[in-house]
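Notes to accompany the following structure.
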Amino acid sequence: MPRESFTSERLGPPAGPFSQAVSGPGDAVYLSGQVGTDASGRLVDGGVAAQTEQALRNLQSVLEAAGRTLDDVVRVGVYLADMSDFSAMNAVYARWFAEPYPARTTIGVAALPLGAAVEIDLVAR
């Protein structure tokens, strides 16, 4: 089955050999991780809350390019450079998703691209 890739014009090009999103088996769409960068490719100011907001805005843009919305998301992966930022990230996250919430994993990592505080990836159907 051939893969189809999806790209949002509102984001800068990927900083490596990967797609912003790719279709998978059935009707699934897999989105690559996004950090809180603006259209210029720079991290937004304001710490983990602002970066979470921007990362979700970026993901929403890619979902739209794939013909999906946040209501189609079934799984989310959250990567935090500092687990003490969990509450701040979670407060922003809760405003973006409605019940029934997608399945989610949150993992503490040693470092993220561009020195980001958070990176988020997801799967939509």
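Among the conditions (1) touching a residue at least 60 places away in the same chain (Cβ under 8 Å); (2) in a strand (DSSP E or B), the only one that Leu63 does not satisfy is (2). The C-beta contact set for region 91-114 (first residue in contact (Cβ under 8 Å) with a residue 12 or more places away in the chain, second residue open to solvent by 60 Å² or more (accessible area, probe 1.4 Å), distance under 6 angstrom, 6+ apart or interchain) comprises Pro102/Val74; Pro102/Arg75; Ala103/Arg75; Gly108/Met83. For Asp27, work out the one condition from (1) assigned to a helix (DSSP H, G or I); (2) open to solvent by 10 Å² or more (accessible area, probe 1.4 Å); (3) in contact (Cβ under 8 Å) with a residue 60 or more places away in the chain it doesn't fulfil. Unmet for Asp27, out of (1) assigned to a helix (DSSP H, G or I); (2) open to solvent by 10 Å² or more (accessible area, probe 1.4 Å); (3) in contact (Cβ under 8 Å) with a residue 60 or more places away in the chain: (1). All told, Ser19 meets the bar of being within 17 Å of Ile120 (Cα to Cα), assigned to a loop (DSSP other than H, G, I, E, B) and touching a strand residue (DSSP E or B) at 6+ places or on another chain (Cβ under 8 Å). For region 46-78, a residue qualifies if it is in contact with a helix residue (DSSP H, G or I) (Cβ under 9 Å, 6 or more places away or on another chain) and more than 14 Å from Leu122 (Cα to Cα), and the qualifying residues are Gly46, Gly47, Val48, Ala49, Ala50, Gln51, Glu53.
Count of region 30-75 residues, restricted to those that are closer than 22 Å to Thr105 by Cβ and acidic (Asp, Glu), is 3.
This table checks each residue for (1) on the phi > 0 side of the Ramachandran plot; (2) open to solvent by 20 Å² or more (accessible area, probe 1.4 Å); (3) in contact with a Leu (Cβ under 7 Å, 6 or more places away or on another chain).
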{"site": "Gln60", "(1), (2), (3)": "no, yes, yes"}
{"site": "Asp82", "(1), (2), (3)": "no, yes, no"}
{"site": "Asp85", "(1), (2), (3)": "no, yes, no"}
{"site": "Asn90", "(1), (2), (3)": "no, yes, no"}
{"site": "Tyr93", "(1), (2), (3)": "no, no, no"}
{"site": "Ala111", "(1), (2), (3)": "no, yes, no"}
{"site": "Glu119", "(1), (2), (3)": "no, yes, yes"}
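Residues in region 33-47 that are on the phi < 0 side of the Ramachandran plot and open to solvent by 30 Å² or more (accessible area, probe 1.4 Å): Asp38, Ala39, Ser40, Arg42, Leu43, Val44, Asp45. Taking the listed residues Ser19, Ser32, the one that is free of Cβ contacts under 8 Å to residues at least 24 places away in the same chain, of a type in the set (Gly, Ala, Ser) and closer than 26 Å to Ser5 by Cα is Ser19, with no other qualifying.
The values are calculated or read from the model by the stated rules, or taken from the named source; none is laboratory data. Fair warning: this is a prediction, and the values are worked out from it, not measured in the lab. Note: ideal-geometry Cβ built from the backbone for every residue, glycine included; neighbour counts use all protein chains shown. Surface accessibility is based on the protein's heavy atoms, side chains included, excluding ligands, DNA and RNA. Shrake-Rupley method; radii C 1.70, N 1.55, O 1.52, S 1.80 Å.
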